[in-house]
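What follows is one structure encoded as structure tokens, with my remarks underneath.
Every number in this text was worked out from the coordinates using simple rules, so none of it is lab data. Keep in mind the model is a prediction, meaning the values are calculated, not measured. Heads up, the Cβs are rebuilt from the backbone with ideal geometry, glycines too, and the neighbour counts pull from every protein chain shown.
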């Protein structure tokens, strides 16, 4: 029996998502027999993460608004992975001559924001989907939760490590929000280049080395407080790298004072990249004459859409396939997340609504130790995304 439809939608914009996000559960009216408009696909979502951009959209502060409604209410969710169940007339992906047409059975992720991934079934425009090329060039299976993060976690992490500065073995990179999913993957990609990583995390009562269990032997983990007091002297290896002029890149996801402290760790001629504002959209980063004139630090921003625009759809598909292969071989580890099982039956919906409130409250408060949460729509925990033969 097909699973009932389940949709999360918000009743109004609010900085408190737990108060406005509602769970709607009912009979599923979307199946393979549903007439589809030309160029559209019926998809079943398998996993969808809760990202900071989703909370900003619920607050009305994200530039891309949700494009889909349920009972007149916007459906949040910008990222996820889905299986194509059916396509409408002329429903082929012709946006790029080098890409393969999307077909039933394919796995897809959103190509753009606003598609509303926090639901089980959806009818979406095919030109808004990117096919995961797992059937031919990738492994036979990939965990759906990892697949749901390929676009907004794996891709930016790789591009931050690859595009912002040319790194050589022995170079050092400093980054804040060190416990975030993107930062954990950035560290893995940078290690593959033979470079070293300093990950700065917020001060917390627990020992710091327990907050990043996947930290590699080349990694240094420091707290914001340690950096504020000691600077490059917070760790002997960082101090030695600074003395050699090898601290060449800072990746700032916070802005404000945290970003200023990162900039203060950089060697002459280094690059400072901001790619987020976890400290608040109104943050201010002060630039001193030492940074600009004497140390000649280069300051720039990073936007995922701009970096992806430099790569063809075929190149993006190749990257996604490569990530999947690295995950399957164990060379790349997907960050640990908290899975939120999505219920199939009505009696479990109330408990699910309460769980959603708790998770959204923690996410909005940016509580220390909060891990990214992912809605898990897969019926069995043993289900994998298997390639069609």
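Using only C-alpha atoms and all pairs of different ones, pull out the Kirkwood radius for the range 165-301 in Å with one decimal.
Computed over Cα pairs of the range 165-301, the Kirkwood hydrodynamic radius comes out at 14.7 Å.
Relative to the longest principal axis of the C-alpha atoms of the chain, give the angle of the C-alpha long axis of helix 349-365, reported between 0 and 90° and rounded to the nearest 10°.
Compared with the principal axis, the helix lies near 20 degrees.
What is the gain in length, in nm to one decimal, between residue 24 and residue 367 on full extension, counting 0.36 nm per residue of separation less the C-alpha to C-alpha distance?
Stretched fully, the residue 24-residue 367 segment lengthens by 120.7 nm.
In degrees from 0 to 90, rounded to the nearest 10, what is the angle of the helix 313-329 Cα long axis to the longest principal axis of the chain?
80
Could you calculate the contour length gain from residue 163 to residue 59, that is, 0.36 nm times the residue separation minus the distance between their Cα atoms, to one decimal place in nm?
Stretched out fully, the residue 163 to residue 59 stretch lengthens by 34.3 nm.
Run through the DSSP bridge list for the chain and note the antiparallel percent, rounded to the nearest 5.
Expressed as a percentage, antiparallel bridges in the chain total about 55.
At 0.36 nm per residue, and after removing the present C-alpha to C-alpha distance, how many nm does the segment from residue 282 to residue 294 gain when stretched out fully?
Roughly 1.5 nm would be gained on extension.
Apply 1/(1 + (r/R0)^6) to the Cβ-Cβ distance of residue 329 and residue 304, taking R0 = 41 Å, and write down the FRET efficiency to the nearest 0.05.
Working from the Cβ atoms, E equals 0.95.
What is the Cα centroid distance between the range 226-276 and the range 137-200, reported in whole angstrom?
18
Given an 8 Å cut-off on Cα distances and at least 6 residues of separation, report the relative contact order of the range 165-301 as a percent.
22
Just rank 148, 312, 321, fewest to most, by other beta-carbon atoms within 10 angstrom.
Listed from fewest to most nearby Cβ atoms, that is 312, 321, 148.
How would you order 285-293, 364-372, 44-52 from highest to lowest mean count of nearby Cβ atoms within 10 Å?
44-52, 364-372, 285-293
Quick one: helix 181-191 against the long Cα principal axis of the chain, what's the angle to the nearest 10°, folded into 0 to 90?
Around 60 degrees separate the two axes.
Take the alpha-carbon centre of the range 102-116, take the same for the range 281-327, and report the distance between them in whole Å.
24
Which value in deg cm²/dmol, rounded to the nearest 500, describes the helix-derived mean residue ellipticity at 222 nm for the chain, given -39,500 (n - 2.57) per DSSP H run of n ≥ 4 and division by the residue count?
-7000 deg cm²/dmol, from helical runs alone.
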